[in-house]
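First up is the structure itself, then whatever we jot down about it.
The values are calculated or read from the model by the stated rules, or taken from the named source; none is laboratory data. Source: prediction; values computed, not measured. Counting neighbours? That spans all protein chains shown, and the Cβs are built from the backbone with ideal geometry, glycine included.
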Amino acid sequence: MLQDILGEPEWAGLLTPADRRGLTPLFWSHVRPYGEVNLDMAARLNLTAVSVPSPRTASDEERAGKRTGA
């Protein structure tokens, strides 16, 4: 229906660029580019299962340099 109205020259000539930008949410507000995200606020994250790497040492950097040929 909106496409039919905007296709008529007398209406298309009345719309400014700001008016056209105002119509954009009508067409794109239902789109979720990253999919559906459901948050369970009653559950806690198990952060103890996450392993954190140890800080690098000078010997680590020397070994990395030998592998890359630097």
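Couple of notes before you dig in:
- Filter result for the condition that a residue is at pLDDT 80 or above and of a type in the set (A, V, I, L, M), over LEU14, LEU2, LEU47, LEU26: LEU14
Residue by residue, here is whether (1) of a type outside the set (D, E, K, R); (2) in a helix (DSSP H, G or I); (3) within 30 Å of MET1 (Cβ to Cβ) holds:
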residue: GLY22; (1), (2), (3): yes, yes, yes
residue: HIS30; (1), (2), (3): yes, no, yes
residue: PRO33; (1), (2), (3): yes, no, yes
residue: ASP40; (1), (2), (3): no, no, no
residue: ALA43; (1), (2), (3): yes, no, no
residue: SER51; (1), (2), (3): yes, no, no
residue: SER54; (1), (2), (3): yes, no, no
residue: GLU62; (1), (2), (3): no, yes, no
